[in-house]
Amino acid sequence: APSPTTAVPYMSVKCIDVRKNHHKTKWLMPWGPNHCEKLKDFDEAVSRQIEANDIVFAVHIPLPSKEMSPWFQFMLFIMQLDIAFKMDNDLKENAEITLDVSLAYRDDMFDDWEEIAHAIEIRKLKCTFGSPKTLESEGRHYDCDFLPFMEIGSVAHKYYLINIRLPVNERKGINVGIGEIKDIRLVGIHQNGGFTKVWFAMKTFLTPSILIIMVWYWRRITLMTRAPVLLEKVIFALGISMTFINIPVEWFSIGFDWTWMLLFGDIRQGIFYAMLLSFWIIFCGEHMMDQNERNRLSGYWKQVGPIAVGSFCLFIFDMCERGVQLKNPFYSIWTTEVGTELAMAFIIVAGICLCLYFLFLCFMVFQVFRNISGKQSSLPAMSKARRLHYEGLIFRFKFLMLITLACAAMTVIFFIVSQVTEGHWKWGDITIQVNSAFFTGIYGMWNLYVFALMFLYAPSHKNYGEDQSNGDLGVSSGEELQLTTTITHVDGPTEVYKLARKEAQE
């Protein structure tokens, strides 16, 4: 697949809006048949006595002779200001810029513009000046951080227009002490159409495969004479959460303007993460040979509780950002000091918790391996058939545990990297290039893992009876009956499960 996203730089055009009452209905176009009257720079505005309130920065998306497409899925915009140093108009400490922004769309070059959103937003300027602030340095530009500007969860229209005003009110101190702004640049980031198609194709292909194995798995369990045990229920729940992520609802985003798709995607992924992390804890716990009473969810509240709390915190954080953006696409939690600190705290705490969780999981896996190794010491005393049977089971189980650890490590890395990638435009200094192989690879890995779990943990229906040729195995029928008791489908889900739980009758 091509790289997941593309970044397109846009330079705003300075338009003159000479109407004193600033009608909301008039949209200023930077180019084309009905383009606005343009200014080259602010020196021309001063010479023509045009006030700051009469200047509108206009940006048309996309660039001339191109169209936007629903396959782009989302649009994220970052703003960069070109601010020049002037002795008599210096940039104040902790300066704030007030933006009066409007967003409109149309699907034909000759249609009227329809408004999507209008807001008055405040952004903090974080700028540094490399030279000494003397007369010789006048005209040099500050080095300013990127500012989060806008995010839309669907690209349902062909053309978009952004009009930005910088209203000045000296009495109220609005846009005073922000230096001499020369230009406003925007960077537009959207998903690549080619990557979207590969992603959709994967989801469409994987949905029926997981559904089929789920139906087969649950049918196997219902054929048993006993009730399903906790491990089987949790594996089935994991299958349900995987199917929830797989169902390609995104196909509808091509035909409908569903701006909530980003938020919905985050919620789906969050449910799967929480389910996967809880499953790993229960999976290891159920194979422990301690004397704790297992096979009850209440026995795992200490481990599963924090996962639920962490997931809920991340959900609240997401609602504060993407939830509000459904109403106001210009909103960003990163614009205020408190919001930035909260957002950073959420991500750092989530990252630390994940790393601690992974270490705890490694410790549990080590304990399970030690217990199974202890069991292996009794294998030589068994007959050849039983020994081979158990050696095969132990090998499969160890293999599954190592795959689990590899999946856990990749999932933790994926979570941290995706958070950093998403945040790097907002933080400014951290850049990580993530290619599409990483996204599709992790997604495919989850599906294969869930598929393998259901396949390996479906209860066995094999009956080793008297009709088997015992002579070939070199065992007596009495021994064969003992083997049958370990494989019988009355008390446990798998032989390994019972072996680890001291239920194998030797």
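The values are calculated or read from the model by the stated rules, or taken from the named source; none is laboratory data. The structure presented is a predicted model; accordingly, all values stated were derived computationally and were not measured. Positions of Cβ are backbone-derived with ideal geometry, glycine not excepted, and every protein chain shown enters the neighbour counts. These area figures cover heavy atoms from the full protein model, side chains too; ligands, DNA and RNA do not enter into them. Shrake-Rupley method; radii C 1.70, N 1.55, O 1.52, S 1.80 Å.
Does the range 174-188 include one or more residues that are open to solvent by 30 Å² or more (accessible area, probe 1.4 Å), on the phi > 0 side of the Ramachandran plot and either hydrophobic (A, V, I, L, M, F, W, C) or more than 33 Å from the chain's Cα centre (by Cα) (or both)? Looking through the range 174-188, none of the residues is open to solvent by 30 Å² or more (accessible area, probe 1.4 Å), on the phi > 0 side of the Ramachandran plot and either hydrophobic (A, V, I, L, M, F, W, C) or more than 33 Å from the chain's Cα centre (by Cα) (or both). When the strands (runs of 3 or more DSSP E) confined to the range 46-113 are screened for residues that are in contact with a His (Cβ under 9 Å, 6 or more places away or on another chain) and closer than 28 Å to Trp199 by Cα, those reaching at least 1 such residues are found at 75-84, 96-106. Per the conditions (1) of a type in the set (D, E, K, R); (2) assigned to a helix (DSSP H, G or I); (3) loosely packed, with under 15 Cβ neighbours inside 10 Å, the sole criterion not satisfied by Lys327 is (2). The residues of the range 206-253 that are loosely packed, with under 13 Cβ neighbours inside 10 Å and free of Cβ contacts under 8 Å to residues at least 40 places away in the same chain, listed by number, are Pro208, Ile212, Val215, Arg219, Thr222, Ala227, Phe252. Scanning the range 200-219 for any residue that is more than 30 Å from Phe283 (Cα to Cα) and under 36 Å from the mean Cα position of the chain (by Cα) turns up at least one such residue. Tell me whether the range 93-107 contains one or more residues that are touching a residue at least 12 places away in the same chain (Cβ under 8 Å), closer than 26 Å to Val324 by Cβ and open to solvent by 80 Å² or more (accessible area, probe 1.4 Å). Yes, the conditions are met somewhere in the range 93-107.
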